[in-house]
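Chemist: Okay, handing you the structure first.
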Amino acid sequence: MKSTGMVRKIDNLGRIVLPIELRRVLEIDQDSSLQIFVDGDDIVLKKYQPACIFCGEAKGVEQFKGRNICPTCRKEIGNL
């Protein structure tokens, strides 16, 4: 894991602020969602990308009847 050298305090509501430089580099906008993982004593934030409900692929995912589906699975379903 790469250190950024950035340190932030947690406020009284348990929040932290991600520095603007980091948000710009990672293209994290105001309405972006982040996933939270725990790895031992580490807290890992990852940019959330919805995945296909069938195969887990995140590229090209679209909503279909309220579910996330990738183009490959959608094509396979169309061929049934």
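Chemist: Of all residues in the stretch 27-38, how many are open to solvent by 100 Å² or more (accessible area, probe 1.4 Å) and over 17 Å from T4 (Cβ atoms)?
Modeler: So the answer is 5.
Chemist: Does R24 qualify as being open to solvent by 80 Å² or more (accessible area, probe 1.4 Å), under 16 Å from the mean Cα position of the chain (by Cα) and modelled with pLDDT of 90 or more?
Modeler: For R24, the condition - open to solvent by 80 Å² or more (accessible area, probe 1.4 Å), under 16 Å from the mean Cα position of the chain (by Cα) and modelled with pLDDT of 90 or more - is met.
Chemist: Can I ask one more? Picking from S3, S33, which residue would you name as being of a type outside the set (A, V, I, L, M, F, W, C) and in contact with a Phe, Trp or Tyr (Cβ under 7 Å, 6 or more places away or on another chain)?
Modeler: Checking each option against the conditions leaves just S33.
Chemist: Name the residues in the stretch 39-77 that are touching a Phe, Trp or Tyr at 6+ places or on another chain (Cβ under 9 Å) and within 18 Å of K2 (Cα to Cα), would you?
Modeler: Within the stretch 39-77, I43, V44, L45, K46 qualify.
Chemist: Working only within the stretch 42-75, note down all residues that are part of a loop (DSSP other than H, G, I, E, B) and open to solvent by less than 100 Å² (accessible area, probe 1.4 Å).
Modeler: Matches in the stretch 42-75: P50, A51, C52, I53, C55, G56, E57, A58, G60, V61, G66, C70.
The values are calculated or read from the model by the stated rules, or taken from the named source; none is laboratory data. These figures come from a predicted structure and were not determined experimentally. Using ideal geometry, Cβ is built from the backbone for each residue, glycine included, and neighbour counts are taken over all protein chains shown. Note: areas computed on protein heavy atoms with side chains; ligands, DNA, RNA excluded. Shrake-Rupley method; radii C 1.70, N 1.55, O 1.52, S 1.80 Å.
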